[in-house]
1. Mind checking which helices (runs of 4 or more DSSP H) fall wholly inside the stretch 1-95 and carry at least 3 residues that are within 25 Å of A106 (Cβ to Cβ)?
2. Do you know which of the residues in the stretch 45-72 that are within 15 Å of K92 (Cα to Cα) and among the β-branched types (V, I, T) is surrounded by the fewest Cβ atoms within 10 Å (Cβ to Cβ)?
3. Here are I13, I75: which of them is buried (at least 19 other Cβ atoms within 10 Å of the Cβ) and at pLDDT 95 or above?
4. Please list, ordered by first then second residue, the pairs with beta carbon atoms under 7 Å, 6 or more apart or interchain, first in the stretch 38-53 and free of Cβ contacts under 8 Å to residues at least 12 places away in the same chain and among the hydroxyl-bearing types (S, T, Y), second surrounded by fewer than 14 Cβ atoms within 10 Å (Cβ to Cβ) and outside any helix (DSSP H, G or I).
5. Hey, can you tell me all the residues within the stretch 73-108 that are among the aliphatic types (A, V, I, L, M) and in contact with a Leu (Cβ under 8 Å, 6 or more places away or on another chain)?
6. For the stretch 96-104, check the following and say yes or no: at least one residue is within 16 Å of the chain's Cα centre (by Cα) and part of a helix (DSSP H, G or I).
Amino acid sequence: LSRQQLTLVTDYIEANCFGTIRVGELAELARLSETYFSHAFKASTGQPPHRWQMQARIRKVQALLLGDDVNLSEIATTAGFADQAHFTRVFKGIVGLTPAEWRRGAQK
């Protein structure tokens, strides 16, 4: 992808990461076919678009976790995860800790 295409697409993902983002939407932004876009995105970033979106979600969730007033199930729902278990699996897969473990460590 060109630098402009990559910036356009990654900015879109960051802004909309809590929602459903289809590869077709991203391909349309970049003005490419879905198949070509998927391969080009992975070649440019080292990961597929869905993984990039999950990492964007987790970065935003980490900011939410710093607040004491929001519980994990509310965060999971807000962030677009199916349930708290799904949220915990994805979070641990990306960060290496569960959300509760990360929150405890970040609040020290």
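The values are calculated or read from the model by the stated rules, or taken from the named source; none is laboratory data. This one's a predicted model, so the numbers in the text were calculated from it and none came from an experiment. Cβ atoms come from the backbone with ideal geometry, glycine included; neighbour counts cover every protein chain shown.
1. Working: elements: 3-16, 23-30, 34-45, 49-65, 72-78, 84-95.
So the answer is 3-16, 49-65, 72-78, 84-95.
2. Only one residue tops the list, namely I58.
3. Working: I75 fails: at pLDDT 95 or above.
One residue alone meets the criteria, I13.
4. Filtered contacts from the stretch 38-53: no entries.
5. Initial filter on the stretch 73-108 (among the aliphatic types (A, V, I, L, M)): 75-76, 79, 82, 85, 90, 94-95, 97, 100, 106.
Scanning the stretch 73-108 gives I75, A79, A100, A106.
6. Within the stretch 96-104 (the criterion being within 16 Å of the chain's Cα centre (by Cα) and part of a helix (DSSP H, G or I)), the answer is yes, since at least one residue qualifies.
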